[in-house]
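To start, the structure itself, in structure tokens.
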Amino acid sequence: MQQMALDDPDAIPDDALLVLYANGDGQASRLLTARLAPRVLSQAQRMLGDRAEAEDVAQEAMLRLWRIAPDWRRGEAKVSTWLYRVTANLCTDRLRRRRGGAGLDDLPEPEDPSAPVEETLQAQARLDALQRALNQLPDRQRQAVVLRHLEGLGNPEIAEILEISTEAVESLTARGKRALSRLLAARREELGYHDD
Amino acid sequence: MLPDAALEALFAEARDVEAPKAAGADDLGLPPGLSARILGDADQLQSDRAAEEAARRQRLRATAGGSAPLAAAGLVPAGAGMGQGVLSGLGGGFWGQLSRALGGLPALAGLGAVAVAGLWIGVMPPDALESSLETLLGSSVSSNPYLVDSTTAFDFLDSEG
């Protein structure tokens, strides 16, 4: 296999790396994996709330990236945006299958929701509470909230990922945040938020 | 309702807490097993594609350079490149390109048949054609084959010195 001859691989854009991979470069896949796979894994885990499933989704999303590499048209779309979209769709499929075979109550719970939470709640427990609340949002709201507030993407990019208008993204994130606020309000004491 | 600021703080906490989660990750920022799976897929696809490309090139070479020996060896399907490998096998690049430009062996066969038919009609025009020409040209056209000038340009040059 050929090897990259460029001095600074970090300076190579994602789409150029994809072309290098398609041309047989042995290092391109490693660089792309380091850049993109952690984000894919993070998005999938926040969408699914399950580490093992999120890893499967990350592998599948990256596999689709390797497959499309020879046909990738540079300049038409950002690789990361395309990958976020693939991941979103894979997660949606899994959530639908999950609903088909199991009820909402069977969603993976990081911990017993009825367990009392200490006043000095650990960061992990806060995240668990957030994840449980996210799990209860409708799919599209969850996608929008995860991409906007946890992955830190801008509304135009989220609109491209979800294939909707920017206004629709704003609406989804606003409704998602309101729903999260309601879901978490009951646990505000546990979360450490007190009325003044 | 949870105050908006509290929710934003929770989001920020979730974003920041990803780093400690990745503490057990490898140098790619992933669980080691996942890195191996992803890179394994990438290598496998790359190898498959390289093998396909090599096979495709071999087929192209076989087609361009005469496929009979490779067909006999079972490397190329019998009949592969028909109409394209024949002339290139005879004469090389120019004839091969001309053959392909004209449409291959079937097209050349048709072209040859038309040329022979045209020559024959010129030498021995059918009666119907002859009468049509007479009507058109207003003169008599002989069908006598002996009236065809059979002397060549060389004969003419020879007689003129």
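What follows draws every value from the coordinates through simple rules; no lab data is involved. These figures come from a predicted structure and were not determined experimentally. Neighbour counts run over all protein chains shown; Cβ positions are idealised from the backbone, glycine included.
Looking only at other chains, what is the average number of their beta-carbon atoms within 10 angstrom of each beta-carbon in A:168-178?
Whole-number average of other-chain Cβ neighbours for A:168-178 is 1.
Arranged from highest to lowest average of other beta-carbon atoms within 10 Å per residue, in what order do the peptides B:106-118, B:33-45 appear?
Highest-to-lowest ranking by the protection proxy: B:33-45, B:106-118.
Step through the residues of the range B:27-44 one at a time and calculate ³J(HN,Hα) from phi using the Karplus curve (6.51 cos²θ - 1.76 cosθ + 1.60, θ = phi - 60°), rounding each to whole Hz and writing x for Gly and Pro.
Using θ = phi - 60°, the values come out as 5, 8, x, 10, x, x, x, 5, 4, 4, 5, 5, 5, x, 4, 4, 5, 4 Hz.
Label B:ASP27 and A:GLU76 with points 7 Å out from Cα along Cα→Cβ: what is the distance between them in nm?
3.5
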